[in-house]
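First the structure, in the form of structure tokens, and then the observations on it.
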Amino acid sequence: MKSLLDFSGDAFLAAFFLYCLAFVFYVIAISGKMWKKSDPAAHLKRWKVISFTTSTLGTIAQITYFFTRWIGGGHIPTSNMYEFMSFLSMMIMVAFTIVYLIYRTAVLGVFAVPVAIIVMAYASVFPQEVQPLIPALNSIWLKIHVTTAATGEAFFAVGFAAGLMYLLRTVDFASKTKKAVRAQRWVEITLLSVLIIIGFIASVFTFRAMGYEAVFKQTIVTVDSQQQESSKIEEVKYKLPAIVAPYDSETVKFDSFLGMSKPLFEAPSWMNGANAGRKLNTVVWAVISGLILYGLLRLIVRKSLGAAIHPAMDGIDPEDLDEISYRAIAIGFPLFTLGALIFAMIWAQIAWSRFWGWDPKEVWALITWLFYSAYLHLRLSRGWQGTKSSWLAVIGFLVVMFTLVGVNLVIAGLHSYAGV
């Protein structure tokens, strides 16, 4: 099945490049009004067809990747971070395609397609080898739980894209009133959050290409149920420059970076767990990379990023964006409820003999569900539409991303994965 897995990888790359191309085409589609072309309606119609065709071909290529990897690997490809994030990006594009066919709004592609591209790039940070399933993962309920939850999150992503577009369309970036400045600041923080993820991905691939590596020997202290301490020495490898060394560790190998001959800091004593220092180092690099990228973009556009994007939103009906965001979340919520809670509890009972265990991932899945429950309640019962609803859609997906990224990479638990 090696050749089939190779073909699957090629299909994944083809999907990625088609999405990038589609994003460019969606930008061209809406540029007629921005650049005052002589016949913007004809320009929009022509490029809408081209861009949607390209993104659809990308979605077909990624679906091909999914099923060929499933056949070649012998199990559904959702069992590790690479596979799950790849599946999530595919479902984001499926959700986008469904919403686009309903509303025919080309500008949605300018914001939704990049979300899928970022998630795909983030997936590629992790090891891509097909791994055998551990017994707990070898269950039909894994397939149902993960795929349904990810599909719900995909519609949340489309709701986030439309909500962010609404804010970029309606916030007055020229105003200096206290209310407007506060809105401008929070839009900028949202964009910075996205850039932190993009910057992290870029730094990982950069240092991976450079072949950077640091190796430490760390003493791990554990306490058993009888409160007796035991210790063991583990080797911890870094693929990002080691700004933060593991707690109570000895340097085995350290590739110098910008004159650094040793880590600048050591992780605090309360971060003594396995990989805790590496995870903290990952977070530090994500923030540094994002801030650098944000600063470079600010230097280029010479204004806030929100103010630079705002003109592209002219002529778009904000009520349409608000409706798209709400409909996407309304579709995603019952799917997320089934996948992330009900099916997840059934799988937990089979795998770990309990329906609920307060594992960090379970807790944050519940927090996500409660947040979107509040969103729908406030929307339907209290009339929270427009700006309030859009802010909730944006914040909600940031909660989703923390559940997927922060919990998996930072907080220790049954659903955790190692840092970079």
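Summary table below
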item: So Trp352, is it under 30 Å from Val287 (Cα atoms), over 20 Å from the mean Cα position of the chain (by Cα) and surrounded by fewer than 15 Cβ atoms within 10 Å (Cβ to Cβ); result: no
item: Every residue from region 65-113 that is under 22 Å from Ile309 (Cβ atoms) and in a loop (DSSP other than H, G, I, E, B); result: Arg104, Thr105, Ala106
item: Count of region 272-316 residues which are modelled with pLDDT of 85 or more and assigned to a loop (DSSP other than H, G, I, E, B); result: 3
item: In region 132-179, residue nearest to Ile102 (Cα to Cα) [restricted to those that are of a type in the set (Val, Ile, Thr) and in a loop (DSSP other than H, G, I, E, B)]; result: Val171
item: Selection within region 304-346 - under 20 Å from Ala393 (Cα atoms) and among the polar types (S, T, N, Q); result: Ser325, Thr337
item: Meets criteria (assigned by TED's automatic domain parsing to the domain that holds Leu108 and either closer than 29 Å to Leu366 by Cα or crowded, with 22+ Cβ neighbours inside 10 Å (or both)) for Leu240; result: no
item: Residue match in region 379-387 (condition: open to solvent by less than 20 Å² (accessible area, probe 1.4 Å), of a type outside the set (Asp, Glu) and on the phi > 0 side of the Ramachandran plot); result: yes
item: Test: Lys279 is closer than 23 Å to Gly211 by Cβ, exposed (fewer than 13 other Cβ atoms within 10 Å of the Cβ) and outside the structural domain of Val125 (by TED's automatic domain parsing); result: no
item: Looking only at region 193-237, and only at residues there that are assigned to a strand (DSSP E or B) and exposed (fewer than 12 other Cβ atoms within 10 Å of the Cβ), the one that is modelled with the highest pLDDT; result: Glu235
item: Criterion: within 13 Å of the chain's Cα centre (by Cα), in contact (Cβ under 8 Å) with a residue 12 or more places away in the chain and surrounded by 23 or more Cβ atoms within 10 Å (Cβ to Cβ) - qualifying residue of Ala121, Ala161, Ala149; result: Ala161
item: Qualifying residue in region 382-393 (condition: part of a loop (DSSP other than H, G, I, E, B) and among the hydrophobic types (A, V, I, L, M, F, W, C)); result: yes
item: Filtered residues of region 251-271 (kept if modelled with pLDDT under 80 and open to solvent by less than 50 Å² (accessible area, probe 1.4 Å)); result: Met271
item: Positions within region 290-322 being charged (D, E, K, R) and closer than 24 Å to Thr206 by Cα, in sequence order; result: Arg298
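The values are calculated or read from the model by the stated rules, or taken from the named source; none is laboratory data. Bear in mind the structure is a predicted one, so any value in this text is a computation, not a measurement. Cβ coordinates were reconstructed from backbone atoms using ideal geometry, including for glycine residues, and neighbour counts include every protein chain displayed. The accessibility values were calculated without ligands, DNA or RNA, using every heavy atom of the protein model including side chains. Shrake-Rupley method; radii C 1.70, N 1.55, O 1.52, S 1.80 Å.
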